[in-house]
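J.: Supplied in structure tokens, the structure appears directly below.
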Amino acid sequence: VYQYLIKCIYKKAMDGPSKSLGVLLKSADYFKASSIWLPADQLQLRSVLKKKVPHLTFNKTPYDILYVPGDQLKVLQDPNFLRDNSHSTTLVLLAGIHKNREINAVWNQLIQKEIFHVTIDFYYCGALFYRNEQLKQHFKIRI
């Protein structure tokens with residue numbers, strides 16, 4: 001987590017119209033992600049990603065990054081979705097986790113799940129990591 005913060009999140013300037021998008025772009029580069037899942041209605045975001053991270057693909061499972069906007073967090077409550085679309089090093093990045101009480105409640109349920117060993121609350125977005133080799137930890141990081 002320390003390396004991720006120092007060499008990725010804090011090292012480069014935010015690139016994008018929102019902090020969540022900035023974290024997504026920097027993380028895709030830092031983790032050398034080759035595939036990303038986005039909800040079907042995120043056409044503008046897909047266009048931005050194609051321009052800024054041209055090597056990313058959008059239809060190769062399992063995905064290296066699952067990017068879920070806050071209003072669509074409920075997709076993660078389906079256990080088959082995570083099992084079918086991710087692997088042990090997948091980053092699950094959630095935008096707008098504190099946007100309203102309902103979204104915040106889903107976020108709080110997700111960080112309690114045993115499958116996620118490392119969770120990071122960036123306030124504007126949240127990151128979930130499987131990292132089975134690590135003890136369960138939750139971080140609140142200011143960006």
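The values are calculated or read from the model by the stated rules, or taken from the named source; none is laboratory data. Just so it is clear, the model here is predicted, and its values are computed rather than measured. Quick reminder, even Gly has a Cβ in these numbers, built from the backbone with ideal geometry, and neighbours come from all protein chains shown. When the accessible area is computed, the model is the full protein with side chains, heavy atoms only, and any ligands, DNA or RNA have been set aside. Shrake-Rupley method; radii C 1.70, N 1.55, O 1.52, S 1.80 Å.
J.: Could you derive backbone 3J(HN,Hα) for segment 113-121 from the dihedral phi with the Karplus parameters 6.51, -1.76 and 1.60 (θ = phi - 60°), listing whole Hz in sequence and x where the residue is Gly or Pro?
T.: Those phi angles translate into 4, 5, 5, 9, 8, 10, 10, 10, 9 Hz.
J.: Continuing with the same structure: So who's got an amide H within less than 5 Å of the one on residue 35, skipping anything under 5 residues away but keeping other chains? H placed 1.01 Å off N, in plane.
T.: So residue 35 has HN proximity to 57, 64, 65.
J.: Another question about this same structure. Figure the gain on full extension for residue 98 and residue 60 (residue separation times 0.36 nm, minus the Cα-Cα span) and round it to one decimal in nm.
T.: 10.7 nm
J.: 222 nm [θ] for the chain, helices only, -39500 (n - 2.57) per DSSP H run of 4+, per residue, to 500?
T.: Working: 4 runs with 41 residues, N = 143.
Roughly -8500 deg cm²/dmol at 222 nm, from the helical runs in the chain.
J.: Give me the percent of accessible area attributable to carbon and sulfur for the chain, probe 1.4 angstrom.
T.: Looking at the chain in its full context, I get 52 percent from C and S.
J.: Related question: With a 1.4 Å probe and all protein chains kept in place, how much accessible area does residue 11 have, in Å² rounded to the nearest 10?
T.: Its heavy atoms expose roughly 150 Å² to the probe.
J.: Further question on the same structure: Could you provide, to the nearest whole Å², the per residue accessible area of the chain with probe 1.4 Å?
T.: I get 56 Å² per residue for this part.
J.: Just read off the accessible area of residue 102 with the full protein assembly in place, 1.4 Å probe, to the nearest 10 Å².
T.: 110 Å²
J.: For segment 1-100, state which chymotrypsin sites (Phe, Trp or Tyr not before Pro) are in a DSSP loop and have at most 16 other beta carbons lying within 10 Å of their beta carbon. Could you put the intermediate results ahead of the total?
T.: Details: sites: 2, 4, 10, 30, 31, 37, 58, 63, 67, 81; in loops: 10, 31, 58.
Those satisfying the criteria are 10, 31, 58.
J.: While we're here: Greater than 28 Å separation of Cα atoms is the criterion. Which listed pairs, 11/74; 50/136; 7/74; 26/113; 11/113; 52/136, meet it?
T.: Violating the 28 Å Cα-Cα cut-off are 11/74; 50/136; 7/74; 11/113; 52/136.
J.: Based on alpha-carbon centroids, what's the gap between segment 32-48 and segment 65-143 in Å, whole number please?
T.: For segment 32-48 versus segment 65-143, the Cα centre distance is 17 Å.
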